[in-house]
Amino acid sequence: MSERLGPNVVATIASAASAVAAESKIPPESAASVYRKKKPPPPDTPEGTRTRSLVILSFWIVVITVGLPLWWITTAIYRAPLPLKEMQSWADGRACRAEFPLLIEVEAPTLPDPENLLKTVQHALDDANDFSAHHLRLRLSTNSSQVEDGEESVAATLRLSQGATGSPHSYVLSPSSRAIDLFYSPSYNPTSLSAFVASTLQEIFAEEQQMISYLLASSAPAPSPSPSSGGGNGGNGVKVVNKVNTVEIARKMSRIVKYSPMYHLTFSLFTAAGDPSSWEIKEAVSEYLQPLLDALGGISGFTVDSQIQFYASLSSSVVPTWVPDSEEEGSSGKYSLKKEDLSSFINSAEWPLVSITSYPTINFIIYIPATDQSPLMIPTSSTNAFLLPQWGGVMIHNPPAETDNTHLTKEALKPALDIFATQLLSLLGAPTHPASLPIRLDSLTRQRSAELLVSASSTLGSLYRLTLALPSISIPSSVSTSVSSTLTSLTAACQELRHGRFGDALEEGRNAEEQAEKAFFEKSMVGQVYFPEEHKVAVYLPLMGPVGAPLLMAALKEISRLVRAWKASKLKK
Amino acid sequence: MRLLSWPSVTQLLLAPLVIASASEYNDYSENLLLKSLPGNSLLASFRFVSNGTFDSHHSVFPRSLAQILQQSQTKELHLKFTLGRWDAEQWGRQVWDGRTAGGTGVELWAWVDAADDAEADARWTTLNNALSGLFCASLNFIDSTRTIRPVMSFQPAGHHSPEGLERLHLLHGTLPREPVCTENLTPFLKLLPCKGKAGISSLLDGHRLFDAQWQSMSIDVKPVCEEDGKCQLQMEQTKPYAGGDSCFPLSGVTDLPWSLSEMFGRPIRGSCPLAVVPTEEATHVCVNIAEQRSIFVSQGSEERKKSPELRCFILHENIDFDIVLPELSPSTNLLPTTPPVYASRSLTGHGQERGGIQAVLNNPSSNSTVEFVYLESLPWFMKPYLHTLSATISGKDDRNIIQDIYYRPALDRKRGTQLEVRLRVPPGETVLLNYEFDKAVLRYTEYPPDANRGFDIAPAVISILDPASQKSTFSIRTTSLLLSLPTPDFSMPYNVIILTSTVMALAFGSIFNILVRRFVGADEVIGGGLVSKIRGHIMAFAAKRGRAGGDKPKTE
């Protein structure tokens, strides 16, 4: 067909081809026959070929040594190195096996052979204990009251003394000291006494042990020491209690406010009308609550404020029902709140309860209903109060009708504050048992240390997963500093726990938690710029495409030429 | 008539609550002033005062606000939300000497206790963020570029000890663009002990309130000390509101009838039991109207006539209160009171590069000279030339008008311009204050989403000075301005990327080709590349088709 084309057409093709001629320096043999007026091109000089190769090479050298590093450096995201392995092992609970050795001093001046008794009791305790991280150790009091520095704290002092004749073994806990007064029956045999001592101690620390084992178990996904693996002897029923209480413990744990070194307590008086217009809350708090707050001072600090809110209405979904006392017409009665009402009792849309403090707020509310809704009762509560998990407590106060309602005295506030004190303890997670407050607070310290350890470890775990999941996130060096500080504190806390110095452990745990949170919530990390991949393509392609294509083609041609030259030289040989 | 202009004033006052329980009622008082304005307008001015303590136990003083003040170490706070324009020519001077009204949008100034400027800035930021949450306003956008430290315009209103005063830093921020609406009114009402459920605050209903032509909401907190040295924290919340209805020409001829329930949509729901027990002086509601106008009130309220033009009422608990005024012809306007200065401000110039500002300041008094401080807080992208600042009286430049200038130039993206000029205007004269400025070009990301709307420039604050004490006695705000800046095409960055890339690729491609290609004569080409092969194929195909087409008729 090409023969049929006129010379003009051929010329057009030829000139068009010349524009792209350089693309292929290999003459296709068949093409030569197409064009009749064909002159062979002047032979390519070896210098020309050499220069061309050098030009291509130098371009590539510049691209690889300058261009790529420059591109890499200017677009790289800074990721500080993190001790990922350590972080993971803490998160899995493998790094530290928390231990809570409780030291119990025994004073038995009247007992003939205290060492032997101690041995038996220790045996019984060890046998019965199925959660090895938390164990009791007995020590005979040396009567020398000097406490060495760095000595582990004594969890409780057991004072054995002879009881009245004929009475069985019994014990008494004083509410304000760590001493357990145990009175043994004068007609005792050592076996029964040791069993009694062991069961007493177990009873006292059972709740704490359950809490801590729950805390540690919930953190580690690895199989926790299962209760059934423990010895079956002991015969004290602790194990049964343990199983029964798992639900109860979970419920208790869900109430607890997250640990913070400071809490803000807000006492609010919400009244549905314009009175009472004043209350002696300042005096009441300092008299009834301050001692407890001071006692808790070693664990957390507290700031207190109060407010009165008038004309506070309940949310519209809360409708108390009228329950008459008797069937008679016009008899007295009360308004009662259903259980569902309690969950929406707080009218958060209208009640100003928010604080701007940087630490958590615990709210305590006294609500005084309007006269047309009075008395307002919660039938399921004898104290007419309820606790809102992790938030605070509410008490409904129905002032006696005949008194002056414009002012609430300190005395009138006492029942409310007593309830609030109990609620505060359960919100903070103090065990309800035993009666002795110092022992309970010690328990709380250990519990909080365990909690801090667990939560700091899990924060580290989250950070670990986050850095792996988001490769485009930047990690500033401050995060790496915080992480290493967390790790140091965690290790120290673990050590302190093992040595029974729980106060120091709490301190270290606090630091670990704080640093871990700081690392996780690092601002520059959270504010990651969302830059999708297709946008990157859109930005790079206009430059990379037109520049890269000729470079790549030239390189390919040059390589194929070299390969052919090499083959040819081989053939010659 | 309907609401044309009714300022409502709310004042809250904080004082230490060491007082016995019976006297605690004194911690809160409220009153409402209704004043008829020319042009069938009505001014309703609410004022609420609450006293509170410095400690952390709060009663009528709102805990939320006290906590913020404590957290940010703020000793005195003034926060104003304003909407609309006060028509001084028609309505005369503002109530409360203009102290309770701010410029359009939000205006906030506070005295913050701090050791140095950096600490003051940090506390100021805390304050703004906290107030922003409390009042549902964008106060958190008051950053360093919108903050100034006025030197001459403001003086603390509360009592501060001399050594405390030295540590106080005055910071002033404005948000001229902030629309004031019901979401700001609700938190305002929540600060009141009776929460709009009883007392005069029950009139403050968002549905009707924002129909007003002008309204302002202000919160002033200051410490108040007694003479024996006992100090209290006092908060004054004021809310003037002006509304009215003069949409038909009758307005000047007759006084239209109005009633409280018609204007506010509801009557006053009894008195607030927490407010001060009313006395001869302290009444709940006062009406300031012409003597000739008759007035009807609902039963169960006591009237106290203070003067022929001021009639006051005491409310009772749980009894609704309403005021009805019948129509009266001819119109009986009160004489409008003249403000010390009439001020207006406008943009001059044209184009996208330069502009100017002209403020017209008129002293209406026939015999006394007025002295005041004119304060401008300009954004950094508006760069004024101080040498162009001139004050002229009837076209003549007068060196004696400008008494003093305080000027702090802007830093790009760090702070705005602060310009304070003390002026003295002779009686009956009008001063033109002019200056020119450059418009900066912003960065791509600095433009708001609606960049073509323009940028709001905060109102100028005019503080009239007392000739003797040189303290501010009255304040006036001009309206805000809308400045249009050169606005780019916002698809620009990608266009720029494409264009530069293309130019670079072109340059690279041609240089690379010249260096790498071998040049031969057109007739020396041995075969074609891929393109010439394809082209050859296309040519061949076209030729074939052409032949086939030519053959067709033959076969037919």
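Bear in mind these aren't lab numbers, they're just calculated from the coordinates by the rules spelled out. Just so it is clear, the model here is predicted, and its values are computed rather than measured. Positions of Cβ are backbone-derived with ideal geometry, glycine not excepted, and every protein chain shown enters the neighbour counts.
Can you sort A:Cys494, A:Cys96 so the residue with the fewest Cβ neighbours within 10 Å comes first? Working shown, then result.
Details: A:Cys494 22, A:Cys96 17.
Ordered from fewest to most neighbouring Cβ atoms within 10 Å, A:Cys494, A:Cys96 come out as A:Cys96, A:Cys494.
Here the Kirkwood formula, the inverse mean of 1/r across different C-alpha pairs, assigns chain B a hydrodynamic radius of 27.2 Å.
Where in region B:487-526 are there chymotrypsin sites (Phe, Trp or Tyr not before Pro) that are in a DSSP coil and have at most 14 other Cβ atoms within 10 angstrom of their Cβ? Intermediate values should be presented prior to the final figure.
Numbers: sites: B:Phe490, B:Tyr494, B:Phe508, B:Phe512, B:Phe519; in loops: B:Phe490, B:Phe519.
Sites meeting the loop and neighbour criteria: B:Phe490, B:Phe519.
Can you give the net charge of the other residues whose Cβ lies under 11 Å from the Cβ of B:Thr338, counting K and R as +1 and D and E as -1? Mind dumping the intermediate values first?
Working: positive: B:Arg93; negative: B:Glu89.
Charge balance in the 11 Å sphere: 0.
Count neighbours as other Cβ atoms within 10 Å of each site's Cβ, and list the GluC sites (Glu not before Pro) in region B:337-409 that are DSSP loop with at most 15 such neighbours.
Working: sites: B:Glu353, B:Glu371, B:Glu376; in loops: B:Glu353.
Those satisfying the criteria are B:Glu353.
Around A:Ala284, under 10 Å between beta carbons, what's the net of Lys plus Arg minus Asp minus Glu among the other residues? The partial results should precede the final answer.
Values: positive: A:Lys282, A:Lys410, A:Lys414; negative: A:Glu280, A:Glu283, A:Glu287, A:Glu411.
Summing Lys/Arg as +1 and Asp/Glu as -1 gives -1.
Taking every DSSP beta bridge with both residues inside the protein assembly as shown, roughly what % is antiparallel (nearest 5)? Bridges in the protein assembly as shown that DSSP calls antiparallel: roughly 75 percent. Cα centroid separation, region A:434-497 to region B:301-350: 65 Å. Using a basic spin-label model with each label point 7 Å from the Cα along Cα→Cβ, how many nm lie between B:His207 and B:Met504? Computed distance between label sites B:His207 and B:Met504 equals 6.3 nm. Residues of region A:535-573 with amide nitrogen under 14 Å from the 7 Å Cα-to-Cβ point of A:Thr49? Residues A:558-572 fall inside that zone.
Which value, to two decimals, describes the C-alpha radius of gyration of region B:342-483 once divided by 2.2 N^0.38 Å? Don't jump to the answer; show the numbers that get you there.
Values: Rg = 16.0 Å, N = 142, 2.2 N^0.38 = 14.5 Å.
Relative to the rule-of-thumb radius for its length, region B:342-483 sits at 1.10.
Computing FRET efficiency as 1/(1 + (r/R0)^6) for B:Glu89 and B:Val151, where r is the C-beta to C-beta distance and R0 is 45 Å, gives about 0.90.
Can you sort B:Trp214, A:Trp71, A:Trp351 by how many other beta carbons sit within 10 Å, fewest first? The partial results should precede the final answer.
Details: B:Trp214 26, A:Trp71 13, A:Trp351 20.
Lowest count first: A:Trp71, A:Trp351, B:Trp214.
Our note on the geometry: Cα centres of region A:279-310 and region B:52-124, 30 Å apart. Taking R0 as 22 Å, what FRET efficiency do you get between A:Ser132 and A:Met253 from their Cβ-Cβ distance, rounded to the nearest 0.05? Efficiency for this residue pair is about 0.55. When the Cα positions of B:Ser294, B:Ile314, B:Val276 are compared along the charge dipole of region B:273-375, B:Ser294 comes out farthest toward the positive end, with charges on each C-beta of Lys, Arg, Asp and Glu.
The stretch between A:Ser480 and A:Ser348, if pulled fully straight at 0.36 nm per residue, gains 43.5 nm over its current Cα-Cα span. A Stokes-Einstein calculation at 4 °C with viscosity 1.567 mPa s, built on the Kirkwood radius of the protein assembly as shown over Cα pairs, returns a diffusion coefficient of 34 µm²/s. For A:Gln373, the shell of other residues with beta-carbons less than 13 Å away shows a net charge of -1, using +1 for Lys and Arg and -1 for Asp and Glu. Ranked for footprinting exposure by Cβ neighbours inside 10 Å, fewest first, B:Val276, B:Val285, A:Val66 give A:Val66, B:Val276, B:Val285. Sites listed here are GluC sites (Glu not before Pro) in region B:258-338 whose DSSP assignment is loop and whose Cβ has at most 13 other Cβ atoms within 10 Å: B:Glu280, B:Glu281, B:Glu291, B:Glu317, B:Glu327.
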